[in-house]
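Below: the structure, in structure tokens.
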Amino acid sequence: MSTAPQPQPFAYLQAPNAVLYGRILDVFAQARERFIVHLRPEDVAAELRRRDAAEDRSAVPVSIEAVGGALEKLVDWENLRADADTGRVTSVEDFHRARYLYQLTRHGQAALRAIAVYEESLGRRGQLQSVALADIAEHLGSLLVLAREEDPDPAKAHLALLALAERFGSLADNAQAFMASLRRTIDFQDGDEEAFIAYKDRLVEYIERFIADLANRGAQIADVLAKLNATGVERLLLAAAQREAGDAVPAAEPDGQSAEQARAEAERAALTGWENRWRGLTDWFLSRSSRQPSQAKLLRGAAVSAITGLVNTVAALNERRGGRSDRTADFRALARFFAQTPDDAAAHQLWRAAFALTPARHLTVDAATEEAWREADLSATTPWAQAPPLEISPRLRETGSYERRGAPNRTADRAAARRVLAEQVELEAAQTDAARALLATDGPVLLSELAGPDGLDPQAFRLFLAALGDALSARAPGDSESSAITGDGTMEIRLKLVDLDTMVRIPTADGVLFGPEHVIEIIDLAPHGSAA
């Protein structure tokens with residue numbers, strides 16, 4: 001029993017006339033965008049000639065015969081479908097003459113879309129979308145309002161989830177593309193030196209602005225996500241899945257399923273998809289543990305590392321432009337020396353001089369030998385022949401090595417040490433969370449009232465000192481108020497100077513902190529129990 005040939009919609013890419021095939025398919029794709037389904041060979045040839053004239057090509061115009069042959073090959077590969085053209089038949093001869101109308105098949109359309117996505121992804125540099133963070137926070141706020149309702153509107157929930165998924169997908173894809181292009185920029189794989197150095201300052205400013213937005217908005221988004229998970233987002237996901245299941249097309253072969261069973265299966269599939277999307281969104285902004293940080297936190301770390309890499313790359317370029325020697329120039333000069341050697345003996349001599357990769361014939365001086373030299377009161381200029389003899393191990397004379405031959409030492413099992421380190425990391429994270437909760441205020445309070453009569457413990461004091469330093473450094477000269485968000489985006493501190501002459505003291509285990517009185521407000525931006 002013979003089987004029908006399989007479609008080969010990508011075969012034209014490796015054919016001898018791949019350029020012509022691609023241009024013809026592009027004509028069909030643009031015609032379809034204008035809602036033109038069928039094209040005749042003369043229509044395709046006329047469009048190709050029009051494009052050649054518009055692009056001022058000097059090549060020989062494509063002939064109708066070449067277009068007809070290419071159309072037949074595309075039909076064979078099932079990129080196109082040929083239908084009999086009977087619209088212009090005026091005689092019996094015209095009826096018997098082969099005339100066809102051509103249109104894209106679903107295989108051809110899918111191939112064109114796949115190639116377009118491939119080319120777009122290959123050339124896309126991506127971007128860090130700070131605006132997308134604000135949009136995501138707004139969509140999540142709308143979902144939180146719906147989740148708190150007793151009977152949320154399924155249509156509103158579905159539309160809000162669709163908008164959220166589209167915006168979040170764009171943010172994640174663009175961030176991945178941008179970081180990939182940034183790595184190529186840091187590795188200096190594209191662009192010239194002058195353009196790169198001029199571009200560097202704007203790029204660093206762009207990344208720093210996104211890091212600040214990600215810290216601020218990321219903490220806000222993480223807080224709303226935690227509230228949604230606690231309120232019960234499952235109802236909204238189920239409502240969206242039910243609406244999508246209502247539009248599902250019935251299967252051609254139901255396999256004995258009833259309409260209710262088919263709808264229930266479509267609803268389960270849609271619900272699984274929405275749960276996966278929600279889990280991905282949650283993991284992007286909420287850390288599961290100190291060993292499983294959120295993707296937003298990893299992105300912040302990668303962006304900070306990228307700034308360091310950019311600065312190092314610019315420094316290396318400036319050194320190269322300043323005439324300083326680098327390893328690349330040294331190896332090029334050495335390669336020229338090798339090329340200029342008169343014979344192999346000279347090349348081997350140059351090799352030994354450059355790399356010193358020759359067998360080592362060193363003797364080991366042990367403690368007994370050093371003691372004998374001290375007793376003989378030898379100076380550094382004493383010849384070896386007049387010095388006490390150097391005793392050599394018999395094993396060294398027999399085997400050429402001091403080491404005993406045999407099986408290698410067993411690899412040390414460091415699982416216990418890794419567990420201890422993991423527990424230490426978890427403990428430090430818990431201590432930081434507790435210190436942040438201790439420092440958070442219900443509103444503005446005086447600095448003198450913050451610590452209480454017993455003062456601050458060392459962990460809380462170090463965290464407070466870091467946040468206080470951020471707020472004070474953000475204050476402009478002459479201002480009495482300032483605010484700042486910590487680098488990890490988990491705390492916001494607001495300061496207002498009360499009296500420069502009124503001094504307060506905060507006792508701690510490390511000493512006493514003195515400073516002018518302020519009104520202070522510390523806000524915990526991290527969701528309860530999980531750091532973004």
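The values are calculated or read from the model by the stated rules, or taken from the named source; none is laboratory data. Everything numeric in this text was worked out from a predicted model, so none of it was measured. Cβ sites come from the backbone with ideal geometry, for glycine too, and all protein chains shown count toward neighbours. When the accessible area is computed, the model is the full protein with side chains, heavy atoms only, and any ligands, DNA or RNA have been set aside. Shrake-Rupley method; radii C 1.70, N 1.55, O 1.52, S 1.80 Å.
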Exercise. Tell me, which helices (runs of 4 or more DSSP H) wholly within the stretch 344-441 include 1 or more residues that are over 30 Å from Phe461 (Cα atoms) and modelled with pLDDT of 80 or more?
Worked result: 344-355, 415-439
Exercise. What single numbered condition from (1) touching a strand residue (DSSP E or B) at 6+ places or on another chain (Cβ under 9 Å); (2) surrounded by 20 or more Cβ atoms within 10 Å (Cβ to Cβ); (3) of a type outside the set (Val, Ile, Thr) fails to hold for Ala296?
Worked result: (1)
Exercise. Which residue pairs have Cβ atoms under 8 Å apart, sit 6 or more places apart or on different chains, and have a first residue in the stretch 334-350 that is at positive phi and open to solvent by 80 Å² or more (accessible area, probe 1.4 Å) and a second that is charged (D, E, K, R) and not in a helix (DSSP H, G or I)?
Worked result: none
For this session: Answer yes if at least one residue in the stretch 241-252 is within 30 Å of Ile523 (Cα to Cα), modelled with pLDDT of 80 or more and surrounded by fewer than 20 Cβ atoms within 10 Å (Cβ to Cβ), and no otherwise.
Result: no
Problem set entry | Single condition Arg263 does not satisfy, out of (1) in contact with a Ser or Thr (Cβ under 8 Å, 6 or more places away or on another chain); (2) of a type in the set (D, E, K, R); (3) modelled with pLDDT under 85; (4) surrounded by 12 or more Cβ atoms within 10 Å (Cβ to Cβ) | (1)
Exercise. Just a yes or no: is a residue in the stretch 284-300 farther than 30 Å from Thr432 by Cα and at pLDDT 75 or above?
Worked result: no
Exercise. Checking Thr486 against (1) modelled with pLDDT of 80 or more; (2) buried (at least 17 other Cβ atoms within 10 Å of the Cβ); (3) of a type in the set (S, T, N, Q), which test does it fail?
Worked result: (1)
Exercise. Out of the residues in the stretch 63-115 that are at pLDDT below 80 and surrounded by 12 or more Cβ atoms within 10 Å (Cβ to Cβ), which is nearest to Leu13 (Cα to Cα)?
Worked result: Arg99
